[in-house]
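Quick notes on the structure that follows.
The values are calculated or read from the model by the stated rules, or taken from the named source; none is laboratory data. Values in this document were obtained by computation on a predicted structure and should not be read as measured data. For neighbour counting, all protein chains shown are included, and Cβ atoms are generated from backbone atoms with ideal geometry for every residue, glycine included.
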Amino acid sequence: MRVLAMWVFVLLALQGCSVVQTVEPWQKGNLAKPEMTFDDDPLERGYREHIYTSKEASAGGSGLGGGGCGCN
């Protein structure tokens, strides 16, 4: 009985995680605001990008795939 109750709880919890809410086109402008980014400190972001480009031996492209070799 206890195992059944645990499985019911797990299934209900997983069902709650499966709700997907779509973003409407007029809401995308709100998500593009600087306040919505994970990088709250521009100075720290600059340091991280500098370290990334130093390790990759290339400049820019921190948001794109591929390495410093020029291949995608």
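Residues checked against (1) in contact with a strand residue (DSSP E or B) (Cβ under 8 Å, 6 or more places away or on another chain); (2) surrounded by 10 or more Cβ atoms within 10 Å (Cβ to Cβ); (3) at pLDDT 80 or above:
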{"site": "Arg48", "(1), (2), (3)": "no, yes, yes"}
{"site": "Ser62", "(1), (2), (3)": "no, yes, no"}
{"site": "Gly67", "(1), (2), (3)": "no, yes, no"}
{"site": "Cys71", "(1), (2), (3)": "no, no, no"}
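Total residues in segment 1-26 satisfying the condition of being surrounded by 10 or more Cβ atoms within 10 Å (Cβ to Cβ) and modelled with pLDDT under 85: the figure is 0.
Taking each residue of segment 17-34 that is of a type in the set (Val, Ile, Thr) and looking for partners that are modelled with pLDDT under 85 with beta-carbon atoms closer than 8 Å, six or more apart or interchain, yields Val23/Leu31.
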